[in-house]
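Asker: Have a look at the structure that comes next, please.
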Amino acid sequence: MKHKDKEILIFDNIEKIIDHAVEKWTEVAEQSVKEKGIFTAALSGGRTPVMLHKALSEKKGLPWDRTHIFIVDERFVPFDHEDSNFLMIQNTLLKHVRIPSENIHPVQTENSTPVLSAEKYEKEMLSFFNISENEFPRFDLIFLGIGEDGHTASLFPGTPALNETIHLAAAVTQSVKPGKERVTLTFPAINNAGNIILMATGVDKASAIREVIEEDSSMPAAMVRPERGKLFFLLDKDASSLLSR
Ligand code: 6PG
């Protein structure tokens, strides 16, 4: 199903979503390496990506030596904390593939503050993508999820990071409990990507998915609009159950 600037793909179950996501990863990785010699991807946290990462870790022939992994958003906790997205990504993917350590770009959450960490992460992206402060990185592929409130990355409804138009990363410290601060990519970094895949499963996401796809929504996930790229929604039957056919 195509909506003006997005492709909605509906699958019987999460296994079929993951199969398609791995195919897309493989296609974009091979194309990016062929064209530029590297492939850059940014990964989200949460539960949905766990199966994707495990499937990627088992996929043969991916160009891990040319792949650079960034983090879409991070909980501001130590890397060994159970809430750490980087810990989840390491345990489900990075420890199982032959990716050079210099190709892994976590958000530094130790010996820092959320604001300093966001500034440092932005500097790392500026340097890696060899861009100046008023330019935006072009990730080849970004994976996003969506919350029931329509958040994506750590871009939550009503928070200042939603309105960031220059900086590539932001600290999320307002309207979160102490110890629940985050660092997130902002829309300038997200919406310049070549490909964005938003995966959602389960009936609890159905209402947000319907609003984001079919209404003129102000939800953060509705602000995901790649300027010069493609946006794919990979949904299971439950998450897509409220979409008009
Ligand atoms: C995070 C994620 C977040 C996630 C959504 C969906 O750090 O939690 O980046 O944005 O993608 O909350 O999470 P689930 O995949 O667990 O439903």
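Asker: What percent do you get for the relative contact order of the chain when only Cα pairs under 8 Å and 6+ apart count? Each step should come with its number before you reach the end.
Answerer: Numbers: 493 pairs, mean separation 56.8, N = 245.
Reported as a whole number, the value is 23 percent.
Asker: May I ask you to give the percent of accessible area on the chain that is carbon plus sulfur, with a probe radius of 1.4 Å?
Answerer: Values: 5610 of 11500 Å².
Solvent-exposed carbon and sulfur of the chain make up 49 percent of the total.
Asker: From Cα pairs below 8 angstrom and at least 6 apart in sequence, can you work out the relative contact order of segment 139-226, rounded to a whole percent? Write down the numbers at each step before the final one.
Answerer: Values: 144 pairs, mean separation 35.1, N = 88.
Once divided by the residue count of segment 139-226, the mean separation gives 40 percent.
Asker: Measuring from the lowest to the highest alpha carbon on each principal axis, how far does segment 165-245 reach, largest first, in angstroms?
Answerer: Here the Cα extents, ordered largest to smallest, are 38, 34, 20 Å.
Asker: Among DSSP bridges having both ends in the chain, what percentage is antiparallel? Round to the nearest 5. Could you put the intermediate results ahead of the total?
Answerer: On the way: 10 of 33 bridges.
So the antiparallel bridges amount to about 30 percent of the total.
Asker: Tell me, what is the 1.4 Å probe accessible area of R225, in Å² to the nearest 10?
Answerer: Surface open to solvent at R225 totals about 120 Å².
Asker: Sticking with this one: Average the reciprocal distances over every distinct pair of alpha-carbons in segment 15-66, invert the result, and give the Kirkwood radius in Å.
Answerer: Mean inverse Cα-Cα distance, inverted, gives 11.6 Å.
Asker: Which whole-number percentage describes the relative contact order of segment 123-179, with Cα contacts under 8 Å and a sequence gap of 6 or more?
Answerer: Values: 33 pairs, mean separation 12.8, N = 57.
Contact order relative to length: 22 percent.
Asker: Related question: Which net charge results when you count Lys and Arg as +1 and Asp and Glu as -1 among the other residues whose beta-carbon is under 10 Å from that of D238?
Answerer: Numbers: positive: K205, K237; negative: D204, D236.
Local charge sum for D238: 0.
Asker: Kindly give Rg over Rh for segment 106-208, based on alpha-carbon atoms, with the Kirkwood expression for the hydrodynamic radius. Let's see the in-between values first.
Answerer: On the way: Rg = 14.1 Å, Rh = 14.5 Å.
Rg/Rh: 0.97.
Asker: Using only the Cα atoms of the chain, what semi-axes does the equivalent ellipsoid have when each is the square root of 5 times a gyration tensor eigenvalue? Give whole Å, largest first.
Answerer: Numbers: eigenvalues 120, 98, 64 Å².
Ellipsoid half-lengths, sorted descending, are 24, 22, 18 Å.
Asker: Also, I was wondering about something else. Could you provide, to the nearest whole Å², the per residue accessible area of segment 142-237 with probe 1.4 Å? Each step should come with its number before you reach the end.
Answerer: Details: 3710 Å² over 96 residues.
Result: 39 Å² of accessible area for each residue.
Asker: Then there's this: Can you list residues whose amide H is under 5 Å from K230's amide H, if they're 5+ apart or on another chain and H is modeled 1.01 Å from N?
Answerer: N195, I196
Asker: Which value in deg cm²/dmol, rounded to the nearest 500, describes the helix-derived mean residue ellipticity at 222 nm for the chain, given -39,500 (n - 2.57) per DSSP H run of n ≥ 4 and division by the residue count?
Answerer: On the way: 6 runs with 70 residues, N = 245.
Computed ellipticity for the chain at 222 nm equals -9000 deg cm²/dmol.
Asker: While we're here: Greater than 29 Å separation of Cα atoms is the criterion. Which listed pairs, K6/K59; K123/K230; K177/K237, meet it?
Answerer: Values: K6/K59 27 Å; K123/K230 26 Å; K177/K237 33 Å.
In this structure, K177/K237 lie more than 29 Å apart at Cα.
Asker: Next question, about the same structure. What accessible area per residue comes out for segment 12-55, rounded to a whole number of Å², with a 1.4 Å probe? Write down the numbers at each step before the final one.
Answerer: Working: 2060 Å² over 44 residues.
Here the per-residue accessible area is 47 Å².
Asker: While we're looking at this one, here's another question. Sorting T165, T152 by accessible area (1.4 Å probe), largest first, what list results? Could you put the intermediate results ahead of the total?
Answerer: Values: T165 90, T152 0 Å².
Largest to smallest exposure gives the sequence T165, T152.
Asker: What is the gain in length, in nm to one decimal, between K16 and E30 on full extension, counting 0.36 nm per residue of separation less the C-alpha to C-alpha distance?
Answerer: Values: separation 14, 0.36 × 14 = 5.04 nm, distance 2.13 nm.
Result for the pair: 2.9 nm of gain on full extension.
Asker: If you don't mind, there's one more thing I want to ask. Taking the C-alpha atoms of segment 1-141, how large are the radius of gyration and the largest Cα-Cα span, Dmax, in Å?
Answerer: 15.9, 47
Asker: Would you mind working out the magnitude of the charge dipole of the chain relative to its Cα centre, with +1 at each Lys and Arg C-beta and -1 at each Asp and Glu C-beta, to the nearest 20 Debye? Write down the numbers at each step before the final one.
Answerer: Numbers: 28 positive and 36 negative charges, 94 e Å.
Dipole magnitude for the chain comes out near 460 debye.
Asker: Something else about it: Rounded to two decimals, what ratio of Rg to Rh does segment 104-162 give with C-alpha atoms and a Kirkwood Rh? Intermediate results must be reported in sequence, preceding the final value.
Answerer: Working: Rg = 13.3 Å, Rh = 13.4 Å.
We get a ratio of 0.99 for segment 104-162.
The values are calculated or read from the model by the stated rules, or taken from the named source; none is laboratory data. Source: prediction; values computed, not measured. Because the Cβ atoms are built from the backbone with ideal geometry, glycine has one as well, and the counts that use them run over all protein chains shown. Ligands, DNA and RNA are stripped out before the accessible areas are found, and what is left, the full protein with its side chains, is counted by its heavy atoms. Shrake-Rupley method; radii C 1.70, N 1.55, O 1.52, S 1.80 Å.
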